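Structure record follows, encoded as structure tokens.
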Amino acid sequence: MANSNCKYIFVVGGVISGVGKGVTSSSLGLILKNRGLNVTAIKIDPYINVDAGTMNPTEHGEVFVLSDGDETDQDMGNYERFLDLDLTSINYMTTGRVYKTVIEKERNLEYKGKCVEVVPHIPLEVIRRIKEAGKNAKADVVIVEIGGTIGEYQNMLFLEAARMMKIEHSKDVFFVMVSYLPTPSKVGEMKTKPTQHAVRILNGSGIQPDLLIARGETKLDDKRKEKLSLFCNMPADRVISAPDVESIYDIPLNFEKEKISDRLCDLMGVVCKKPDSKKWNKWKKFVNNVHNGKEIVKIAIVGKYFETGDFVLSDSYLSVIEALKYSSYDQNRKPVFSWLNAVDFEKDSNKLKELKKYNGVVIPGGFGARGVEGQLKVIQYVRENKIPYFGLCYGMQMLVIEYARNVLGLKDANTREVNPKSKNIIIDVMESQKEHLKNNLYGGSMRLGSYKAILSDKTIARESYGKKEIIERHRHRYEVNPAFIEILEEKGLVFSGKSPEGDLMEIAELSKTKHPFFLGAQFHPEFLARPLSPHPLFNSFIKACISKK
Ligand code: GLN
């Protein structure tokens, strides 16, 4: 199919947030992709922040970094993982980003003296971006997820853009509403009224959904399907039941059971191939592994973003968890995660012994001083007790500091981020970032996105990847200080991955003869782990975890 007639599917949410709009969008993308269509996806976040980089992960969840360095929402990670795609900044937009462009254009006289107004100029910029993303990807279908819930003031201009797009391209623009049907425990039956109201609110914006994804604890029965069909103005076969599932990876399969791809293809008027059975078989095999892990592998994640309870906690490290899962599933294991608060290890040294219960320990990325001393204690313990350890970004920097403190004897070793007064600043700010930081320009002052690294032979890193040159995504301000590299290496720490110029340390590890797996990566390997191609470093870590007695 040529993409001159690119189709746009807007996904909006009704009733409550957090019922899986992102996963629905990703799943719709996957089922269409498996019918031979070229699919891309866009996330619209209604907040003013120009990117997600300046947001606290406990408030907004993980910051997902794209290959071009854009700091975005975790849903972008879901799209990349489900669709096995690399997206770029054109696939992500926020209110702030849209307004910023419009204001810049106005300053550059691009509106040729016109009065620039919220409507139509803001929606027009939204539409321009959506079309450009479609064009860049040569897409047959662009899935556009509008963040937030129907009825909110915040996403109105994006709905307005969608409505305007529908006027211009009436045969190419479609709407899917993901809504929630509560089953109040005292009532004991699934209620459709909130969804009916949500559809009416959407109608008030001039939009009629074409497909309704009815999320709920249980399956939607025919009676309620009929009711929704009648009150939400659509044939009953456009109301799709989407009950809770054990794993999000079941969802595309369930959607196909409901024949959604047929329905969407009919709706869009596209003739597409039959579902690709080879591709589905791979996905089914993966999902089978998700459900049938033989034994468990116990992993402790020692993090610092714990303030707002378990729910948000796992959101803060979403890609890390998914990456650990893929490698575990791939090796027939069921991963069990324990969340350990780094701060707790500062108060109570006895707690360290508990680490013996785990097959492996991960310290993920982070910022600032809180919890760092606890993390350093944890790393010393797992190093000395030969418990597999995987440090990601801050977790790698901590690994190097711990080694400097306890093996090199530099007791005050630290990162400039935590103690700029230390005599031994092992992790220091990069020259190029000093100017930014002096001027308080924190937003966008980091090394972001994909960079090459070269791996040394006969190291865990090199063996894991099976190649010499890698490209990985970064998000950090600080680096291993070149002044300490020689003495660290003399004392046995191996920098097995370096930037092509050799000046930036990308991977630090201990030789397998000294420790089963003690490795840190300055980059974020978790951003490249995909369900059907788990990440080589996570694979090696899980392998070491499985071998641990
Ligand atoms: N805070 C560290 C730095 O900025 C690590 C960042 C991270 O873990 N993403 O360099």
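The values are calculated or read from the model by the stated rules, or taken from the named source; none is laboratory data. The structure presented is a predicted model; accordingly, all values stated were derived computationally and were not measured. So basically every Cβ, Gly included, is an ideal-geometry build from the backbone, and we count neighbours across all protein chains shown.
Only one residue in 152, 145, 246 is in a strand (DSSP E or B) and either at positive phi or in contact (Cβ under 8 Å) with a residue 24 or more places away in the chain (or both). Which one? Walk me through how you get there before you give the answer.
Numbers: 152 fails: in a strand (DSSP E or B); 246 fails: in a strand (DSSP E or B).
Just one listed residue meets the conditions, 145.
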Single unsatisfied condition, residue 507 versus (1) hydrophobic (A, V, I, L, M, F, W, C); (2) away from the ligand (no atom under 14 Å from the Cβ); (3) out of contact with any helix residue (DSSP H, G or I) (no Cβ under 6 Å at 6 or more places or on another chain): (3)
First in the stretch 500-517 and of a type in the set (A, V, I, L, M), second anywhere and assigned to a loop (DSSP other than H, G, I, E, B), Cβ under 6 Å, 6 or more apart: 508/493
Which residue out of 343, 312 is modelled with pLDDT under 95, more than 14 Å from the ligand (Cβ to nearest atom) and within 18 Å of the chain's Cα centre (by Cα)? 312
Out of the residues in the stretch 372-389 meeting the condition of being in contact with a strand residue (DSSP E or B) (Cβ under 7 Å, 6 or more places away or on another chain) and of a type in the set (Val, Ile, Thr), tell me which one is surrounded by the most Cβ atoms within 10 Å (Cβ to Cβ). 382
Quick one: is residue 206 closer than 30 Å to residue 49 by Cβ, small (Gly, Ala, Ser) and surrounded by fewer than 18 Cβ atoms within 10 Å (Cβ to Cβ)? yes
Being assigned to a helix (DSSP H, G or I) and away from the ligand (no atom under 16 Å from the Cβ) narrows it down to one of 327, 319, so name that one. 327
Tell me, which helices (runs of 4 or more DSSP H) lie completely within the stretch 9-121 with 2 or more residues that are among the hydrophobic types (A, V, I, L, M, F, W, C), in contact with a helix residue (DSSP H, G or I) (Cβ under 6 Å, 6 or more places away or on another chain) and over 30 Å from residue 260 (Cβ atoms)? 95-107
Identify the residue in the stretch 448-501 that is charged (D, E, K, R) and in contact with a Phe, Trp or Tyr (Cβ under 9 Å, 6 or more places away or on another chain) and, among all such residues, is farthest from the ligand (Cβ to nearest atom). 491
Does the stretch 444-478 hold any residues that are acidic (Asp, Glu) and either free of Cβ contacts under 8 Å to residues at least 12 places away in the same chain or surrounded by 14 or more Cβ atoms within 10 Å (Cβ to Cβ) (or both), and which are they? 457, 463, 472
Can residue 368 be described as among the small types (Gly, Ala, Ser), in a loop (DSSP other than H, G, I, E, B), within 16 Å of the ligand (Cβ to nearest atom) and closer than 26 Å to residue 53 by Cα? yes
Hey, among the residues in the stretch 509-520 that are surrounded by 12 or more Cβ atoms within 10 Å (Cβ to Cβ) and either within 17 Å of residue 467 (Cα to Cα) or not hydrophobic (A, V, I, L, M, F, W, C) (or both), which one's farthest from the chain's Cα centre (by Cα)? 514
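Conditions (1) surrounded by 13 or more Cβ atoms within 10 Å (Cβ to Cβ); (2) in contact with a helix residue (DSSP H, G or I) (Cβ under 9 Å, 6 or more places away or on another chain); (3) more than 23 Å from residue 141 (Cβ to Cβ), marked per residue:
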| residue | (1), (2), (3) |
| --- | --- |
| 185 | no, no, yes |
| 194 | yes, no, yes |
| 225 | yes, yes, yes |
| 274 | no, no, no |
Do we find a residue being among the hydroxyl-bearing types (Ser, Thr, Tyr) and under 22 Å from residue 98 (Cβ atoms) anywhere in the stretch 153-160? yes
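Does residue 306 satisfy the criteria of being of a type in the set (A, V, I, L, M, F, W, C), over 26 Å from residue 251 (Cα atoms) and either assigned to a strand (DSSP E or B) or modelled with pLDDT under 90 (or both)? Talk me through it step by step, then tell me what you get.
Details: of a type in the set (A, V, I, L, M, F, W, C): yes; over 26 Å from residue 251 (Cα atoms): yes; either assigned to a strand (DSSP E or B) or modelled with pLDDT under 90 (or both): yes.
Answer is yes for this residue.
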I want to confirm something. Restricting to the stretch 227-249 and keeping residues that are loosely packed, with under 15 Cβ neighbours inside 10 Å and closer than 23 Å to residue 272 by Cβ, which single residue is modelled with the highest pLDDT? 235
Yes or no: residue 363 within 16 Å of the ligand (Cβ to nearest atom) and crowded, with 24+ Cβ neighbours inside 10 Å? yes
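What is the residue count in the stretch 371-392 for residues that are assigned to a loop (DSSP other than H, G, I, E, B) and within 29 Å of the chain's Cα centre (by Cα)? So that I can check it myself, show each step before the final result.
In the first step, residues of the stretch 371-392 are kept if they are assigned to a loop (DSSP other than H, G, I, E, B); the result is 371, 385-388.
Among the residues that remain, those that are also within 29 Å of the chain's Cα centre (by Cα) are: 371, 387-388.
Residues that pass the stated criteria total 3.
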When residues of the stretch 393-403 are limited to those that are within 16 Å of the ligand (Cβ to nearest atom) and over 14 Å from residue 374 (Cβ atoms), the one farthest from the chain's Cα centre (by Cα): 400
Restricting the stretch 343-386 to residues that are of a type in the set (Gly, Ala, Ser) and touching an Asp or Glu at 6+ places or on another chain (Cβ under 8 Å), the residue that is farthest from residue 64 (Cα to Cα): 374
In the stretch 202-221, the residues that are at pLDDT 95 or above, within 19 Å of residue 18 (Cα to Cα) and not in a strand (DSSP E or B): 202
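When the residues of the stretch 162-176 are narrowed to those that are touching a Phe, Trp or Tyr at 6+ places or on another chain (Cβ under 9 Å) and at pLDDT 95 or above, which ends up nearest to residue 95 (Cα to Cα)? Spell out how you get there, then give the answer.
Initially, the stretch 162-176 is screened for residues touching a Phe, Trp or Tyr at 6+ places or on another chain (Cβ under 9 Å), giving 162, 165-166, 169, 172-176.
Going one step further and asking which of them are at pLDDT 95 or above, we end up with 162, 165-166, 172-176.
Values: 162: 15, 165: 18, 166: 20, 172: 24, 173: 21, 174: 22, 175: 21, 176: 21 Å.
The qualifying residue nearest to residue 95 (Cα to Cα) is 162.
What are the residues in the stretch 155-177 that are among the aromatic types (Phe, Trp, Tyr) and not in a helix (DSSP H, G or I), if any?
Step one: filter the stretch 155-177 for residues among the aromatic types (Phe, Trp, Tyr), giving 158, 174-175.
Of everything in the stretch 155-177, those that are among the aromatic types (Phe, Trp, Tyr) and not in a helix (DSSP H, G or I) turn out to be 174, 175.
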